[in-house]
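Worksheet for the structure shown next.
Values quoted throughout were computed directly from the atomic coordinates according to the rules given, and no laboratory measurement underlies them. Quick caveat, the model's predicted, so the values are computed rather than measured. So basically every Cβ, Gly included, is an ideal-geometry build from the backbone, and we count neighbours across all protein chains shown.
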Ligand SMILES: Cc1cc2nc3c(=O)[nH]c(=O)nc-3n(C[C@H](O)[C@H](O)[C@H](O)COP(=O)(O)O)c2cc1C
C-alpha cells in the first residue's frame, strides 16, 4: 500500500553560495508534488571528523542531522564531482554521521543525483557514493539515474531550471524514490 505522503531530506554536496547542486535541490523542493516534502539539511556546520569529536558526546548539529535522516522516508544526495569523486565536505559528513550509534542510514532508501559543468554530470562521483552506501547498509535506488551535465547551460538568469527534459527527469526521480522507499520502513 502506498503511503499518502512522503518526507525526504536532501543534502547538497556543495556548500558554496552559488552552487548549481544546491540550485537543483531547491528546484526539487519547488517542483515536488504536494504529497512529497523535501527538507534541506545543511552540512556546512559539520566539523572535520576525528574520534575525539564524539568520544564523549556527538556534536549537537550532527545529532540533529542523524535524527532528521532517521525520521525521513528517504535521503537525497545532490552532489558535484570533485576530481572524479565525492567532495570532501560530503564524505566527511557521511563519515561522522556513520559513527553515531543511531545508525541513521541503516536500511534507509537513498536517491543520488548530481550536476556538473562537465559533460558526464558527476557519474564517477555517484558510483563512489553508491559504494559508501554499501558499508552503511543504505539502499541506493538504481534507476532512474540523474546526471546533469553542462548544468551552467540549464538554468536561466533568474536561477529557474530552463531545461524541460531535466525537469521531467527530476519529477520521475521523486516519484520513483517515493515508491522505492516503500520497501524500507521509515524508522
Ligand atoms: C576541486 C574541484 C574539482 C572538480 N572536479 C570535477 C570533476 O572531477 N568532474 C566534473 O565534472 N567537474 C569537476 N569540477 C567542476 C564542477 O563540476 C563545478 O565546479 C560545479 O559547478 C561544482 O558544483 P556546484 O556548482 O554545486 O558547487 C571540479 C571543481 C572543483 C572546485
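Quick one: work out the % antiparallel among DSSP beta bridges in the chain, nearest 5.
Details: 2 of 23 bridges.
Expressed as a percentage, antiparallel bridges in the chain total about 10.
So what's the Cα pair-distance distribution over the range 120-187, bin width 5 Å, in %?
P(r) over the range 120-187, rounded to whole percents: 3, 14, 19, 21, 19, 12, 8, 3, 0.
Give me the tail of P(r) for the chain as a percent: Cα-Cα pairs with distance above 30 Å.
Roughly 14 percent, once rounded to a whole number.
Can you compute the helix-only [θ] at 222 nm over the chain? Use -39500 (n - 2.57) per DSSP H run of at least 4 residues, normalise by all residues, nearest 500 deg cm²/dmol.
Mean residue ellipticity at 222 nm (helix-derived): -11500 deg cm²/dmol.
Once both axes come from the Cα atoms, what is the angle between helix 60-71 and the longest principal axis of the chain, in degrees from 0 to 90, rounded to 10?
70
Report the gain in length on full extension from residue 51 to residue 131: 0.36 nm times residue separation, minus Cα-Cα distance, nm rounded to one decimal.
My answer for the length gained is 26.5 nm.
Could you compute the FRET efficiency for residue 107 and residue 156, with r as their C-beta to C-beta distance and R0 at 45 Å, rounded to 0.05?
For residue 107 and residue 156, the calculated efficiency is 0.70.
Can you give me the relative contact order of the chain as a percent, contacts being Cα pairs under 8 Å and 6 or more apart?
That works out to 24 percent.
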